[in-house]
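The values are calculated or read from the model by the stated rules, or taken from the named source; none is laboratory data. Everything numeric here is computed off the predicted structure, so don't read it as measured data. Here Cβ is always computed from backbone atoms with ideal geometry, including for glycine, and neighbour counts include all displayed protein chains. All accessible areas refer to the heavy atoms of the entire protein, side chains included, with ligands and DNA or RNA removed. Shrake-Rupley method; radii C 1.70, N 1.55, O 1.52, S 1.80 Å.
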There are 4 protein chains.
Amino acid sequence: MTQGVEKSLIEQGVLVDPQSARGRLLTQAARLFRQKGYQSTTVRDLASAVGILSGSLFHHYQNKEAILKAVMVEGIHHTMARMRSELAEEHTTQGRLRALIACELDALNGDWGDAMAVVINEWRFLSDGGQQDILALREEYEQMWLEILYQARKERLITASPKVLRKLLYGAITWTDKWFDSRGKLSYQELTDTILQLAIKPASDP
Amino acid sequence: MTQGVEKSLIEQGVLVDPQSARGRLLTQAARLFRQKGYQSTTVRDLASAVGILSGSLFHHYQNKEAILKAVMVEGIHHTMARMRSELAEEHTTQGRLRALIACELDALNGDWGDAMAVVINEWRFLSDGGQQDILALREEYEQMWLEILYQARKERLITASPKVLRKLLYGAITWTDKWFDSRGKLSYQELTDTILQLAIKPASDP
Amino acid sequence: MTQGVEKSLIEQGVLVDPQSARGRLLTQAARLFRQKGYQSTTVRDLASAVGILSGSLFHHYQNKEAILKAVMVEGIHHTMARMRSELAEEHTTQGRLRALIACELDALNGDWGDAMAVVINEWRFLSDGGQQDILALREEYEQMWLEILYQARKERLITASPKVLRKLLYGAITWTDKWFDSRGKLSYQELTDTILQLAIKPASDP
Amino acid sequence: MTQGVEKSLIEQGVLVDPQSARGRLLTQAARLFRQKGYQSTTVRDLASAVGILSGSLFHHYQNKEAILKAVMVEGIHHTMARMRSELAEEHTTQGRLRALIACELDALNGDWGDAMAVVINEWRFLSDGGQQDILALREEYEQMWLEILYQARKERLITASPKVLRKLLYGAITWTDKWFDSRGKLSYQELTDTILQLAIKPASDP
DNA sequence: GATGAATGAGACTTCATTCAT
DNA sequence: GATGAATGAAGTCTCATTCAT
């Protein structure tokens, strides 16, 4: 199903076929932007990563910032698609909250991790207009979080303000990008649970 | 007392007198680096912010990166000095943990907030050698956190691994820089308490 | 024949087609470096001499020093090519020695004179690595001189140590760059003969 | 006697007492200019070599070029003084010619060798006016050479034109600066003799 | 005489972007 | 679509020189 949606978005021109020249460019751009930062990545770096010369980039995207924006759009779309499908399988609030955390963690480690890291870390290099556009895209995403957190408060799973808690969790989760190594001692599962424990009160023992 | 220590560090050349030309430069540099980012701040920006010409900067610091590093050193020293004195007044583990959180939050909002924001956000623009030096400075700081978290676990105030918890809290706290406005509805006290609640289990009701 | 060799070296990328943009750049660079010195020639000087802007230079050469090195490589290659062909036509040792002197004098006055003057006078501005590379190129050249001088000593044309004599002649010949004017009273032929007389004993009168 | 002349020149302000601040500055300047070249030696280099700060240099000399010129003036005066006294002890033309060669070789190796190397190699960095002044100083020096060479031709010791020969010898001798090591296998005496042999016909066999 | 902060011009180099081929 | 030479603005840094203290 998700696949079908993506295909349709590709056909609409929102997303890019990852096999195409543009697609390979975005993949490499995401990787380079994450690794070296947006400003330190030159258009020559981008071009040579996909085997063309720098002048040719501008046949695909109007300018360097458009590439940054496209990377972010791709990252957000794919991350949201995944999150929707994962949430659909959880039916308890705690399960759904755990799924959100897991998805957000995963967003930074999975196929589109580079792109999501770019969304987080290179945000400031988007022009004002670009920031507005991306914010609009993210709105639905943040809405999912807030809905579930409001529900969690209603169920007394959490006590903090959902809006504040969301931001604190966002900071904690995105920062894992800087220190968490999925091949290390701490498993991805354990990390997810630890973060979940931050958010919710432990189930009260009878 | 803290003042005395700072004065002595200034005399030793570790810190810089904020009234001096170098001091004003660092203050302005911190502000600009936080506002525009290190790479987007030109040496001309820095110079004109203190009312000199760009060439004159290099009388005070060997190059632009040295200014970045000096900003970070100042920020860390002042933050640590403050933290030491605040901790000295707390005698319960929970109080000490709360003090740590409050200090770290405050580090981003107080006089040296610009400098600390730079430590967090412009880290990658330090050369390898510079990163080593700054890491060494921060070690003592992180040690304070870990000691208190280990003690908190011993006292069953927290359940998570101290190292992991420290990193999660660090992410959550530093991210507040991007959204928390101390003049808004949410007070600084409330935010501190909310974060404390993330870390510790609430006192069990009898 | 020489022409053919040069053409092949151009195709190999060792030499540069003098008609190309790079070629014109090297010609002008040689002229300017000789006239004003390497350090006093700015990249703007170089660029404007070939009718481009300074930034465009760096499409052709990585940096200013690379231009200096390329000038030297060109100069040495062309000088050696010429010397080989001139030597091939002389069959007595004295004739060959005279040809060496004439060629070296000519190297400073002919088409590649600017480049050779740069080899001699701007040597110190090459980095260590660059100096090694150029020295390697010159080795074959110096070997030609030494072989002929050793042969000349065997034939008792000269008495001095070939190595020392070579260096003395090198100094005497290259210094002509500073005073000899081929349009003056002293002809190029006479100068060549005068230098030859320094080196060899005059033919003994019977 | 030479000492007396120098002392008197110092009193007249032509030369500088080597013990004075100015004197030490010139010694260090000569050394640095020879080692690194005039353009690559900064006024800070000069100042720190004599233990002062760069601004203070300008109490002693109006500008950097004045230091270069002073170094050259010192070098030439001392070299000429020495040459005069050496020539006074030789009474054959061949002996006098040998003394000239020896003195010129020695000029590059003795106490004022740095200064003389600067005269030769950094010449171009003198302004036109400065070049005129130094040329005037050298005139007497060159006159000594020419007189002896004219005499040598009259005595059929040499055959070449004195003016041309002088320039060739000048080139050969000054170039020794780049390769001759007085601590090597070739002695200073042997080198002098080898150069003398270049100039003169060997004594004709009866 | 010395200091050292400041000047201000100018150096080399980088880089996103354009465009004729 | 791709090329690659060229642009031109902007960047960091250097350095001889000045001058108030």
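Here are the numbers for the structure shown:
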item	result
Fraction of accessible area attributable to carbon and sulfur, the protein assembly as shown (%, probe 1.4 Å)	49 percent
Around B:Glu89: net Lys/Arg minus Asp/Glu count, Cβ-Cβ under 13 Å	+2
Inter-chain shielding of B:129-138 (mean C-beta neighbours from other protein chains, 10 Å cut-off)	0
Label-to-label distance, nm, for residues given as A:Ser187 and D:Ile52 (7 Å Cα→Cβ offset)	7.6 nm
Per-copy distances of the B:Ile52 label point, shortest first, in nm (7 angstrom along Cα→Cβ)	2.3, 3.8, 4.7
Tail fraction, Cα-Cα pairs, the protein assembly as shown, threshold 48 Å, whole percent	47 percent
Count, lysine Cα pairs under 28 Å in chain C, 8 or more residues apart or across chains	21
Residues of the protein assembly as shown: accessible area per residue with a 1.4 Å probe, Å²	51 Å²
Nm distances between copies for D:Tyr150, ranked from closest, using label points 7 Å along Cα→Cβ	4.5, 9.5, 11.1
Mean separation of Cα contacts under 8 Å (6+ apart) over length of the stretch D:2-199, as relative contact order %	21 percent
Local electrostatic count at D:Arg31 - Lys and Arg +1, Asp and Glu -1, tallied over other residues with Cβ under 12 Å	0
J(HN,Hα) series, the stretch A:72-78, from Karplus relation 6.51 cos²θ - 1.76 cosθ + 1.60, nearest Hz, glycine and proline x	5, 4, 4, x, 5, 4, 5
Simple spin-label estimate for C:Met144 and D:Asp133 in nanometres, 7 Å along Cα-Cβ	4.5 nm
Cα-based convex hull, the stretch D:2-199, per residue volume (Å³, whole number)	125 Å³
Of all chain B residues, the one whose C-beta is nearest the axis that brings B onto D, in angstrom	B:Gly55, 3
Within a Gaussian network of chain A (alpha carbon springs, distance under 10 Å), most fluctuating of A:Glu74, A:Glu65, A:Glu89	A:Glu89
Long-range HN-HN contacts of C:Gln39 with modeled amide H, under 5 Å	none
Under Karplus coefficients 6.51, -1.76 and 1.60, residue-wise ³J(HN,Hα) of the stretch B:135-140 in Hz, glycine/proline x	4, 4, 4, 7, 4, 4
Exposure rank, largest accessible area first [C:Thr192, B:Thr27; 1.4 Å]	B:Thr27, C:Thr192
Among D:Arg98, D:Arg124, D:Arg82: highest mean-square fluctuation, GNM of chain D, C-alpha pairs under 10 Å	D:Arg124
For chain C, with +1 on Lys and Arg beta carbons and -1 on Asp and Glu, the positive-most of C:Cys103, C:Ala160, C:Leu135 along the dipole	C:Ala160
Across the identical copies, how the A:Ser127 labels are spaced - nm, sorted shortest first, 7 Å along Cα→Cβ	3.6, 3.8, 5.1
Interface burial for B against A (accessible surface, 1.4 Å probe, total of both chains, Å², rounded to 100)	2300 Å²
Shielding by partners, peptide D:172-182 (average Cβ within 10 angstrom, other chains)	4
GNM top mover of B:Ala49, B:Ala70, B:Ala102 - chain B, alpha-carbon springs below 10 Å	B:Ala49
D:Arg153, A:Arg156, reordered so the largest accessible area comes first (probe 1.4 Å)	A:Arg156, D:Arg153
